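Chemist: Just passing along the structure, written as structure tokens.
What follows draws every value from the coordinates through simple rules; no lab data is involved. Keep in mind that what you see is a predicted model, and the values were worked out from it rather than measured. A quick note on method: Cβ atoms are made from the backbone with ideal geometry, for glycine too, and the neighbour counts reach across all protein chains shown.
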Amino acid sequence: MENHLIHIDIEKLMHTANGPMKLTVKTEIGSGELVALFGPSGAGKTTLLRILSGLTDPDKGVVKFGDTVWYDSEKKINLPSQQRNIGFMFQDYALFPNMTVEENILFAQTVKDAKAASELISIFGLNELRKRKPSKLSGGQKQRVALARALARKPQLLLLDEPLSALDAEMRVMLQDEIRHAHELLGTTTIMVSHDLNEVFRLASHVVMIENGEIKKTGKPETVFSDNTISGKVQITGQIARIERQDPINIVTVISGSNQIIKVIAFDSDLENLKLGDQVMVYTKAFNPIISKLG
Amino acid sequence: MDSSFIQTLLLTFKLAFLTTSILLVIGLPIARWLAYSKFRFKPLIEALVSMPMVLPPSVIGYYMLVLYSPKEAFGSFLENVLNVRLAFSFEGILIASVVFSLPFMVQPLQNGLRSLPDSLREASYTLGKSTLTTFFRVQLPNIKPSIITAIALTFAHTIGEFGVVLMVGGNMPGETRVASIAIYDEVQSLNFATANQYAIILFIISLVLLTTIYSVNKKQEAWKII
């Protein structure tokens, strides 16, 4: 595998629902990584993905893929999407309604290769569906076709825009495995927009946390989401779903991933910086947790 | 039915067919440009394209006559350099009806293109496909109902036009005498039977074309894009 370090240093003024916001991103992404762009909606994750793909132009800066300059505002270089050899999976999947599953994949190939298309169709378990039009597919099936199509031209960089947001929890876990599978199989550098913690932990080797248009933290998921000063024995990250007042204490409900609900007792002083929707860590340090095999 | 009746009908269809064909070729790029361009003066261009829908046909006819006149630059160029005279000729009414039916071709196509999610176009670009390939392989096949509507509307509107053809072409049998003008002419000469024959044929054709449009658009609702 060739080494293609992705170098990003861009600025763009975005017009959001909450007024103008400046997207400033300076980071590097290693070859073969599976990177999650994590952060609240409206933080600029999708815009960053579109800038990488060439669908949106930044105001200024540089985007380099290995030695190839994709964008350089000073040198007036802006390689069109067509020449960037990427695979982009859209939030709405953007399957071509006039083509069958097979035709969607064949259309995506740079050099027509029916055998490679068949292989891809088999890998993603689409054999039964190859002659179907996208309108006759379920959400999960569409997602698989979209992923297969994005990989059909053997891209050097795979960009996934909230690939699993439209699916239910069970389907999500299944397809997370498929994304990880595809990544292990092909070793393509993959950048994925997500605001699902569970997804990030399951898939990503590296996290770029974006808030209000700026990178807040980068690193391995465990490091980004855990406060290292705490020597907790059990750490669970999640999101505050409910805060109930039961004098003199509060009961905070935290949802971890998409299916684990944890209730925690908190005093008023604990709640000072906390509000609904905050990403939090639930940890315990006094007891030794017991581990046992399931089933 | 006598031969002049057949001749007039054939001429009417020839005009409608050629107008529709020419407009399909020039309407597609215009519709594409109008659907996606961010040009500052686009509303002005859109207004110009749509003008024939609101202007009296006689106004268009008048300007076309002025344009064709050998006393004006364009007309004298045609006459002196190319040795063509457009006023009161078939070519003259053909050009005039292309101008007059332009919005009926462009608007359905433009609306059809706009109704497609941007992601379809963008997905094709990220797959390395050129704008031309994307237009013909991804965008056009997914707006078939709009294309059928545009063709049927243009055809029907050209058959139905009266004022422009009368101003620009007059009423010359075999050259510029189309069915709508023939009806007027026959009624003036109190030949109600012939007028009635023309009228019934135009009525039925228009009904068939519009029914086609509505049934195609009804089906479209069933094949939602996503």
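Chemist: Name the helices (complete DSSP H segments) of chain A with a Cα length along the long axis of 15 Å or more and a Kyte-Doolittle mean of at least -0.5, or state none.
Modeler: Qualifying helices, which must be both long enough and hydrophobic enough, are A:139-151, A:169-186.
Chemist: Under the definition of Cα pairs under 8 Å and six or more residues apart, what whole-number percent is the relative contact order of region A:42-146?
Modeler: 21
Chemist: Within a 10 angstrom radius of the beta carbon, how do A:H181, A:H206 rank from fewest other beta carbons to most? Please report the intermediate quantities before stating the final value.
Modeler: Working: A:H181 13, A:H206 19.
Fewest to most other Cβ atoms nearby, the residues stand as A:H181, A:H206.
Chemist: OK, next. Which of A:K76, A:K275, A:K216 moves the most in a Gaussian network model of chain A with Cα springs under 10 Å?
Modeler: Of A:K76, A:K275, A:K216, the most mobile in the Gaussian network model is A:K76.
Chemist: Can you tell me how region B:66-222 classifies by the Cα gyration tensor, rounded, prolate or oblate, using a/c under 1.5 as the rounded cut?
Modeler: Here region B:66-222 falls in the oblate category.
Chemist: Looking at chain B as a GNM with Cα springs under 10 Å, which of B:A73, B:A152, B:A96 has the largest mean-square fluctuation?
Modeler: B:A73
Chemist: Which ordering of A:K60, B:K218 is given by a fewest-first count of other beta-carbon atoms within 10 Å?
Modeler: B:K218, A:K60
Chemist: Pull up the cross-link candidates among the lysines for A:K131, meaning alpha carbon to alpha carbon under 20 Å and not fewer than 8 places away within one chain.
Modeler: A:K112, A:K115, A:K142, B:K224
Chemist: Please work out the C-alpha center-to-center distance from region B:75-123 to region B:34-51 and express it in whole Å.
Modeler: Going from one Cα centre to the other spans 15 Å.
Chemist: Here is a follow-up. At a Cα cut-off below 20 Å, give the lysines reachable from A:K22, other chains included and same-chain residues fewer than 8 away excluded.
Modeler: A:K12, A:K45, A:K60, A:K216, A:K217
Chemist: Hey, quick one: spin label on A:Q260, modelled 7 Å out along Cα-Cβ, who in region A:193-222 has an amide N within reach, i.e. under 15 Å?
Modeler: The answer is A:197-203, A:222, whose backbone nitrogens lie closer than 15 Å to the label point.
Chemist: Take chain A, connect every pair of alpha-carbon atoms lying under 10 Å apart with a spring to form a Gaussian network, then pick out the residue of A:K217, A:K142, A:K112 with the largest mean-square fluctuation.
Modeler: Looking only at A:K217, A:K142, A:K112, the largest GNM fluctuation is found for A:K112.
Chemist: Tell me, B:L94, B:L109 in order of fewest to most beta-carbon neighbours within 10 Å? The partial results should precede the final answer.
Modeler: Details: B:L94 20, B:L109 26.
Listed from fewest to most nearby Cβ atoms, that is B:L94, B:L109.
Chemist: Using DSSP H assignments, which helices in chain B have an axial alpha-carbon span of 30 Å or above and a mean Kyte-Doolittle hydropathy of -0.5 or higher?
Modeler: For chain B, where a helix must reach 30 Å along its axis and average at least -0.5, the hits are B:3-36, B:90-115, B:192-222.
Chemist: Checking the a/c ratio against 1.5 first, then a/b against b/c, what shape does the Cα gyration tensor give for region A:27-168?
Modeler: Cα axes put region A:27-168 in the prolate bin.
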